[in-house]
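Data first, discussion second: the structure below is written as structure tokens.
Here, each number is a calculation from the coordinates, and none is a lab measurement. On a predicted model such as this, the values are computed, not experimentally measured, just so you know. Here the Cβ positions follow ideal geometry from the backbone for every residue, glycine too, while neighbour counts run over all protein chains shown.
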Amino acid sequence: MRSLVLQLSVTIGPVLLAGMGITVALIPNVARRRPEKFYIVLGFLVIGTPTFYASWRELRLADRAQHDLTVKQDQIVKAQEKIIDLRGELISYSSGGDSFSYLEADTEAPLSARTTASLLITTHGHYPVLAVRYWISELAANGDRNDQRYWSVGIGGRQDYLLAGSNLIGNQIVPGEYRVEIDAKNGTVIEDLKISICNGRVDQSITVKRNGKTLIDRPFQRDCS
């Protein structure tokens, strides 16, 4: 009921005010007579006040509607951004993202009777590394499969997936200089692994690259010079 009255005020009010204004303009003597003058002023007040209020209220409602629309649009934009972020997360989880794996010697374990070191496969990154295959060859072969030294070490393996952390791969390796190739769903890692024995402990130097970018550059930790 209240909204109907406001709507009528907005619709009819200006018409009545215009009619009263025309009447005053066309019949000037009406405005000079005392009773008529009082009723004209009263009419302007009676009609003008609700008309003004109705117009003010309509503006308020329009401003509120515009504000609500702006809020909804912001919410939609933020929801779209979250969807894009989630889509990126799903793609990273399904591909491995920027995570990578590499091999290293277990420097904490004691040397075996044959002075060989245990090998660990270590994964860095928030996402799992998928479809992992690795092969170790002599560094001097420089990754050339036609070089007999490429096949001389004979250590390789595969993993369906690897999570962040280190795990023994069940192989022992003697001190030396090695090239490690690790293929995964998110790319190939090339590692130069140098293992030595220093003061009865295993020491190592590790350089890991992917697509020409250095991911790890760790020198020997012990001074055996």
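Estimated at 0.36 nm per residue, the fully extended path between Ile197 and Leu163 surpasses their Cα-Cα distance by 9.3 nm.
Calculated FRET efficiency, Asp74 and Thr214, Cβ-Cβ r, R0 41 Å, to nearest 0.05?
It comes to 0.45.
What's the FRET efficiency of Ser205 with Asp147 using the Cβ-Cβ distance as r and R₀ = 30 Å, to the nearest 0.05?
E(calc), rounded to 0.05, equals 0.85.
Packing-based ranking of 139-148, 169-178, 68-77 yields 169-178, 139-148, 68-77, ordered from highest to lowest mean Cβ neighbour count within 10 Å. Distance between the modelled labels on His124 and Asp183, one decimal in nanometres: 2.4 nm (7 Å Cα→Cβ projection). Which of rounded, prolate or oblate describes the stretch 100-218 when judged by the alpha-carbon gyration tensor and an a/c cut-off of 1.5? Oblate.
Judged by the ratio a/c of the largest to the smallest principal axis of the C-alpha gyration tensor, the stretch 123-163 counts as prolate, that ratio being 1.5 or greater while a/b is larger than b/c.
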